[in-house]
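> One structure coming up, written as structure tokens, with questions to follow.
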Amino acid sequence: MNIGEPLHPGLSAELATQVTEENSASAWGSGNLPVFATPAMIALMESASAAAVQDKLPPGCSTVGTELKVRHLSATPVGLEVRARGELLGQDRRRLSFKVEAWDPAGKIGEGTHERFIVENEHFLKKTREKMPK
């Protein structure tokens, strides 16, 4: 696969979401309190990282998450907004490394690193479908 031009460190994107009952720890099963779920924070961080590079990828390619090391630093109650940012730190062929962070209005709530791989969509999905029983 030709992955095109190298991506430059510093590419970033920021996404936001409102904390609701639907993305709370009690709804996600990651706890029983009405606060922003750690898995929801991670999903927002992954989405921001993917968005940071998606428009720079060759047609028919995207990225998939492969590794995440994150600390959830502070709880956010239902009703507040959370923002997450993914910033490209570097690239090694198809492997992309990101710095990820998240904030609510009171300050930073999460930080860490994230790894994604560039994949050719059709090839990736073909390999995935091959796992299905015949």
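> Need the full-extension length gain, Thr20 to Ser74, defined as separation in residues times 0.36 nm minus the C-alpha distance. One decimal, nm.
17.8 nm
> Which loop-located GluC sites (Glu not before Pro) does region 38-134 contain, where loop means any DSSP state but H, G, I, E or B and the Cβ has at most 16 other Cβ atoms within 10 Å?
Passing both the DSSP loop test and the Cβ count: Glu130.
> Dipole of region 58-134 (Lys/Arg Cβ +1, Asp/Glu Cβ -1, origin at the Cα centre): which of Ile109, Ser74, Ser62 lies farthest to the positive side?
Final value for the positive-end residue is Ser62.
> Using Cα positions and a limit of under 26 Å, work out the lysines in reach of Lys99, with same-chain residues fewer than 8 apart set aside.
Partners found: Lys56, Lys69, Lys108.
> For Rg/Rh (Cα atoms, Kirkwood Rh), one of (1) 1.18; (2) 1.00; (3) 1.04 was computed from the structure I shared and the rest are decoys. Which label?
Looking at Rg/Rh (Cα atoms, Kirkwood Rh) for this model, the match is (3).
> Moving to a separate point now. Suppose every Lys and Arg Cβ carries +1 and every Asp and Glu Cβ carries -1, with no other charges. What dipole size does the chain come out with about its Cα centre, to the nearest 20 debye?
Roughly 540 debye, rounded to the nearest 20.
> Sticking with this structure for a sec: I want to check the label-to-label distance for Arg93 and Thr128. Put each point 7 Å from Cα in the C-beta direction and report it in nm to one decimal.
Output for this residue pair reads 2.2 nm.
> Also: For region 12-129, what relative contact order do you get, as a whole percent, if you take Cα pairs closer than 8 Å and at least 6 residues apart?
Computed value for region 12-129: 29 percent relative contact order.
> For every helix of n ≥ 4 consecutive DSSP H residues, a contribution of -39,500 (n - 2.57) applies; sum these over the chain, divide by its total residues, and give [θ] at 222 nm rounded to the nearest 500 deg cm²/dmol.
One gets -6500 deg cm²/dmol as the mean residue ellipticity at 222 nm.
Since every read-out is calculated from the coordinates, none of them should be taken as a lab result. Computed from a prediction, not measured in an experiment: that's the story for all the values here. Note: ideal-geometry Cβ built from the backbone for every residue, glycine included; neighbour counts use all protein chains shown.
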